[in-house]
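Input: a single structure, listed below in structure tokens.
Where a number appears in this text, it was derived from the coordinates with a stated rule and is not lab data. These figures come from a predicted structure and were not determined experimentally. Methodologically, a virtual Cβ is constructed for each residue, glycine included, from the backbone with ideal geometry; neighbour enumeration extends over all protein chains shown.
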Amino acid sequence: MLTGSRVDTWLTHFQVEGTFLGNWDTFSGAETDSEESLYRPGGYDESMSLGGRQTLGNATLARYWDDWINSLYPWLRGRAGKARVYIARYPMTADFVQLGGPHGFQGTLKRVSPPDYDSNGGDAAVIECECTLDRAW
């Protein structure tokens, strides 16, 4: 039974053109929004909301830059704007046990960003991938 969740109790898998890129460390975005249509009938002061089509926001994933990602980076960068992506997110308990099936997304790889550089920094180096989403389940 899901009794609550923390942001660190999700497992996120990322796949680009059928190549499984493993577990990713962060995931943001993929919000469900909608277009809005308002109608103002003649003679009325108030508008009526007619609702609208649903839209998905972009998703951004990030993970630690290691030797394996370093070797994949040129290929991944070359797939931006072209490659189909699949993202599967699994909610987990506080003991990191998966709860049911994934929350899934499909779309296109939009942006691939290498780690920032700062000669005075000490943060972990991460790669980011932004995806334009067109499907969710």
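So which GluC sites (Glu not before Pro) in the stretch 1-89 pass both tests, a DSSP loop state and at most 11 other Cβ atoms within 10 Å of the Cβ?
Passing sites in the stretch 1-89 are Glu31, Glu35, Glu36, Glu46.
By how many degrees, 0 to 90 and rounded to 10, does the Cα axis of helix 67-78 deviate from the longest principal axis of the chain?
Long axis of 67-78 versus the principal axis of the chain: about 50 degrees.
I'm checking a number: the convex hull volume of the Cα atoms of the stretch 15-57, normalised per residue, in Å³. What is it?
So the per-residue Cα hull volume is 74 Å³.
Could you compute the FRET efficiency for His103 and Thr19, with r as their C-beta to C-beta distance and R0 at 30 Å, rounded to 0.05?
Numbers: r = 21 Å, r/R0 = 0.70.
That gives a FRET efficiency of 0.90.
Mind putting a number on the dipole of the chain about its Cα centre? Charges go on the C-beta only, +1 for Lys and Arg and -1 for Asp and Glu, and I need it in Debye to the nearest 20.
Values: 12 positive and 18 negative charges, 118 e Å.
For this selection, approximately 560 debye.
Divide by every residue of the chain the summed helix terms, -39500 (n - 2.57) for each DSSP H run of at least 4, and state the resulting mean residue ellipticity at 222 nm, rounded to the nearest 500 deg cm²/dmol.
Dividing the helical sum by the residues of the chain leaves -2500 deg cm²/dmol.
For percent of Cα pairs over 23 Å apart, the listed values are (1) 34; (2) 47; (3) 40; which was obtained by calculation from the structure presented?
Among (1) 34; (2) 47; (3) 40, the one calculated here is (2).
Of Leu56, Val16, Gly100, which is farthest on the positive side of the dipole of the chain, counting Cα position, with +1 on Lys and Arg Cβ, -1 on Asp and Glu Cβ, and the Cα centre as origin?
Farthest towards the positive end: Val16.
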